[in-house]
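Notes follow once the structure below has been shown.
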Amino acid sequence: MKSSAIAHSNIALVKYWGRSRTHDPSLNIPSTDSVGMTKLGESDDIRLLTHTTIEFSDVYEQDSATLDGVFLTGRAMERVLKVVNPLRTIAGISHRFKMMSRNDFPTQAGLASSASGFAALTIATVDGLGISLSKREISAFARLGSGSAARSIHGGLVYWYKGDSHETSFARQICGPTEFDMSAVIAIIHKGRKEVTSDVGHKSAHTSPFDRARVNISRKQAKDIEKAILTDDFSVVGRISEESSRYMHVVMMTSDPPLFYWHPNTLRLIKLIQKLRPSLECYASVDAGPNVHCLCRPEDAYELRKILDETDYVNMTIVAGLAGGSHKTGEHLF
Ligand code: PMV
């Protein structure tokens, strides 16, 4: 009953920030629909993946999980159990598990490590327990660990319906990785862990006076960006992505307590990206961290990367394209 999976991280183009206030918050049902790009790093050592192995066996006396060699405890372990426990119940299996997970990129730095982490955990757990679930169901279970993990189940560009129950809040693919040409040049400004996790940040979104406006606009943004993706309109995709990122950060900064994920250099970089347009068409999107995803057409990625590499406050860049879906692997970590 050992199984392993590899899952890709994703960057939200239309952001999820804040949970529905009419549902049990532990279900991670979002206040808005969102859209993400599932990413594959184009360098051999950073592919933006999580690799997870889980084994259920009566030899284990207790559940245990490690991420990059560190045992998970407290809230982190609770989130793992939120995914594994209902699946163990469905399988009718009470064996304890050993889980080991590795990211090939910095954890909790606004690069969506929880998305790939919980997507990999869900796929490996479903397989390890020998249950058969549809992708829609797997996406919904991944959501219980981290909302954005619902999107990481699929490759390419992905739409997450907020839904209004556990079963109806799931993600589906808009188009596969070869059907839309887009790259993200990720500019790392700061590698450290963020001070406030998105898990905590979601709770205060509704305290911002701008939250309601963002929720209303996000609905339209998600529909409009899907249309732009399907009609290959990169300019609209980029413009909506930049807008959605800015609106989310306005909500973060005006929540109680306020959340400032941007560093001063994040703003400098957003302004640089705006200045590069229109001669080099690129757009900035920032998740819950200081680092900036610079979206562009693949043919512009290397020129953009060169500019960012020459920018003194950018520590490092990673070029990412669209990934395929997350999947099982026969390669086990133990
Ligand atoms: O899935 P979580 O709880 O890590 O929240 C993700 C929040 C953002 O990354 C900021 C936006 C998103 O939609 O992925």
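Relative contact order, percent, of the chain when contacts are C-alpha pairs under 8 Å separated by at least 6 residues?
27 percent
Which ordering of 283, 261 is given by a fewest-first count of other beta-carbon atoms within 10 Å? Numbers along the way, then the final one.
Numbers: 283 26, 261 21.
Final ranking by Cβ density, sparse to dense: 261, 283.
Residues of segment 301-334 with amide nitrogen under 18 Å from the 7 Å Cα-to-Cβ point of residue 280?
Counting backbone N atoms under 18 Å from the label point, the list is 301-321.
Mind checking the full-extension length gain between residue 243 and residue 60? Use 0.36 nm per residue of separation minus the Cα-Cα distance, one decimal, nm.
Details: separation 183, 0.36 × 183 = 65.88 nm, distance 4.86 nm.
Additional length available on full extension: 61.0 nm.
Please give the calculated 222 nm ellipticity per residue for the chain, where each DSSP H segment of at least 4 residues contributes -39500 (n - 2.57) and the sum is spread over every residue; nearest 500 deg cm²/dmol?
Numbers: 9 runs with 118 residues, N = 334.
Result for the chain: -11000 deg cm²/dmol, rounded to the nearest 500.
Starting from the amide H of residue 259, placed 1.01 Å from N in the peptide plane, find each other amide H under 5 Å away whose residue is 5 or more places distant or on another chain.
Placed amide hydrogens put 253, 254 under 5 Å from residue 259.
Using the Karplus curve 6.51 cos²θ - 1.76 cosθ + 1.60 with θ = phi - 60°, work out ³J(HN,Hα) for each residue of segment 87-100 in order, rounded to whole Hz, and write x for Gly and Pro.
Couplings: 6, 4, 5, 4, 6, x, 10, 10, 4, 7, 10, 10, 10, 9 Hz.
Hey, in the GNM for the chain with a 10 angstrom Cα cutoff, which one of 61, 195, 179 fluctuates hardest?
Comparing 61, 195, 179 in the GNM, the peak value goes to 61.
Angle check, please: helix 211-230 long axis (alpha carbons) against the longest principal axis of the chain (alpha carbons), in degrees 0 to 90, nearest 10.
Value to nearest ten degrees: 90.
Place a +1 charge on the Cβ of each Lys and Arg in the chain and a -1 charge on the Cβ of each Asp and Glu, then give the dipole magnitude about the Cα centre in debye, rounded to the nearest 20. Before the final figure, lay out the partial values.
Working: 39 positive and 37 negative charges, 171 e Å.
Roughly 820 debye for the chain.
Working out 0.36 nm times the residue gap between residue 328 and residue 179, then minus their Cα-Cα distance, what length gain in nm do you get to one decimal? Spell out each step's value before the answer.
Values: separation 149, 0.36 × 149 = 53.64 nm, distance 2.31 nm.
Residue separation times 0.36 nm, minus the Cα-Cα distance, leaves 51.3 nm.
Where Lys and Arg each count +1 and Asp and Glu each count -1, what net charge lies around residue 19 among other residues with Cβ under 12 Å from its Cβ? Before the final figure, lay out the partial values.
Details: positive: 21, 143, 162, 203; negative: 24, 199, 211.
Here the count lands on +1.
Pick from 121, 269, 40: which is most flexible by mean-square fluctuation in a GNM of the chain where alpha carbon atoms under 10 Å apart are linked?
269
Taking 7 Å along the Cα-to-C-beta vector as the label spot, tell me the residue 235-residue 207 distance in nanometres, rounded to one decimal.
Each label point is offset 7 Å from its Cα along the Cβ direction, giving 4.1 nm.
For segment 124-189, take every pair of Cα atoms, bin their distances at 5 Å starting from 0, and report each bin as a whole percent.
Pairs per bin, as whole percents: 4, 17, 22, 19, 17, 12, 6, 3, 0.
Quick one: 3J(HN,Hα) in Hz for segment 11-23, Karplus 6.51/-1.76/1.60 with θ = phi - 60°, rounded, Gly and Pro as x.
Working through the residues one at a time gives 9, 6, 8, 10, 7, 9, 8, x, 9, 4, 8, 9, 10 Hz.
Between residue 323 and residues 5 or more places away or on another chain, which pairs have amide H atoms under 5 Å apart, with H built 1.01 Å from N, and which residues are they?
Counting only residues 5 or more places away or on other chains, the set is 38, 39, 40, 156.
Please report the orientation-averaged projected area of segment 2-329, defined via the convex hull of its C-alpha atoms, in nm². Write down the numbers at each step before the final one.
Values: hull surface 61.7 nm².
That works out to 15.4 nm², a quarter of the Cα hull's surface.
Report the FRET efficiency, 1/(1 + (r/R0)^6), for residue 253 and residue 191, where r is their Cβ-Cβ distance and R0 is 30 Å, rounded to 0.05.
Numbers: r = 22 Å, r/R0 = 0.75.
Efficiency, from the Cβ-Cβ distance: 0.85.
Between Rg and the Kirkwood Rh of segment 41-158, both from Cα atoms, what is the Rg to Rh ratio? Walk me through the numbers before you get to the answer.
Values: Rg = 13.8 Å, Rh = 14.4 Å.
With Rg and the Kirkwood Rh in hand, the quotient comes to 0.96.
Greater than 19 Å separation of Cα atoms is the criterion. Which listed pairs, 15/223; 15/135; 98/191; 162/203; 39/328, meet it? Provide the component values of the computation, followed by the final result.
On the way: 15/223 13 Å; 15/135 22 Å; 98/191 29 Å; 162/203 16 Å; 39/328 17 Å.
Those over the limit are 15/135; 98/191.
Leaving out same-chain residues fewer than 8 places away, which aspartates and glutamates sit with a Cα under 17 Å from that of residue 271?
By straight Cα distance, residue 271 reaches 242, 243, 281, 287, 309, 310, 312.
Cβ under 12 Å from residue 303's Cβ, residue 303 left aside: what net charge do those residues give with Lys, Arg +1 and Asp, Glu -1? Could the numbers behind the result be given before it?
On the way: positive: 297, 305, 306; negative: 281, 299, 300, 309, 310.
Net charge in that neighbourhood comes out at -2.
Bins of 10 Å, beginning at zero and ending with the bin holding the largest distance: percent of Cα pairs per bin for segment 149-304, please.
Spelled out bin by bin, segment 149-304 gives 10, 35, 40, 15, 1 percent.
Under 10 Å, Cα contacts only: if you run a Gaussian network model on the chain, which one of 213, 205, 12 comes out with the highest mean-square fluctuation?
In the Gaussian network model the winner is 213.
With θ set to phi - 60° and the Karplus curve 6.51 cos²θ - 1.76 cosθ + 1.60, what are the ³J(HN,Hα) couplings of segment 305-319 in order, to the nearest whole Hz, using x for Gly and Pro?
Values per residue, Gly and Pro as x: 4, 4, 4, 5, 5, 8, 8, 4, 8, 8, 6, 6, 10, 10, 9 Hz.
Amide H to amide H under 5 Å from residue 65: which residues, 5+ apart in sequence or cross-chain, H placed 1.01 Å off N in plane?
HN-HN under 5 Å from residue 65: 72, 99.
Since every read-out is calculated from the coordinates, none of them should be taken as a lab result. Every value quoted in this text rests on a predicted model; they were computed, and no experiment measured them. Using ideal geometry, Cβ is built from the backbone for each residue, glycine included, and neighbour counts are taken over all protein chains shown.
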